[in-house]
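Engineer: I'd like to ask some things about the structure below.
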Amino acid sequence: MNIPQIEELDLLHANICQALGDPKRLQILYALHGEPRYVSALADDLGMPQPTVSRHLQVLRQRALVQTERDGPTVVYSLTDGRIIDVLNMMRQILRDSLDRQTNVLA
């Protein structure tokens, strides 16, 4: 197995891992997985204030995890790469498996 160079892992951490470091941003990514959305629709669906959603979208956009498209005076957000949801789902499965193992060890 090839071990990635530390420089590549530093880039991964700075560009992807830090962007995924807030559960609200994860919810936004999942919400965008179904279809492109306006900030106001995301805020309503997620029960978050619109400024909070906008702030998190800015981070995701800076890290190129979401992209924008103008629709008249408004902006529509969408995922840049749907594979991020596959990665998140895999991480969630690893979490569930890990919790199951911990539960079995304690039982």
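The values are calculated or read from the model by the stated rules, or taken from the named source; none is laboratory data. Note that the structure is a prediction, hence the values are computed from the model and not measured. Neighbour counts are summed over all protein chains in view; Cβ atoms, including those assigned to glycine, are modelled from backbone coordinates with ideal geometry. For accessibility, only protein heavy atoms count, side chains too; no ligands or nucleic acids. Shrake-Rupley method; radii C 1.70, N 1.55, O 1.52, S 1.80 Å.
Engineer: Considering only the range 16-42, state which residues are polar (S, T, N, Q) and farther than 18 Å from Thr68 by Cα.
Structural biologist: Passing the criteria: only Gln18.
Engineer: Output the residues belonging to the range 77-88 that are open to solvent by less than 60 Å² (accessible area, probe 1.4 Å) and part of a helix (DSSP H, G or I).
Structural biologist: Passing the criteria: Ile84, Ile85, Leu88.
Engineer: Considering the range 1-42 alone, what residues qualify as being under 10 Å from the mean Cα position of the chain (by Cα), free of Cβ contacts under 8 Å to residues at least 24 places away in the same chain, part of a helix (DSSP H, G or I) and surrounded by 11 or more Cβ atoms within 10 Å (Cβ to Cβ)?
Structural biologist: Cys17, Gln27, Ala31
Engineer: Restricting the first residue to the range 52-75 and requiring it to be more than 18 Å from Leu26 (Cβ to Cβ), which pairs with a second residue that is open to solvent by 90 Å² or more (accessible area, probe 1.4 Å) and assigned to a helix (DSSP H, G or I) meet a Cβ separation below 7 Å and a spacing of at least six or different chains?
Structural biologist: So the pair list comes out as Thr68/Arg61.
Engineer: Filter the range 47-70 for residues that are of a type outside the set (Val, Ile, Thr) and in a strand (DSSP E or B); which is nearest to Cys17 (Cα to Cα)?
Structural biologist: Looking at the filtered set, the residue picked out is Gln67.
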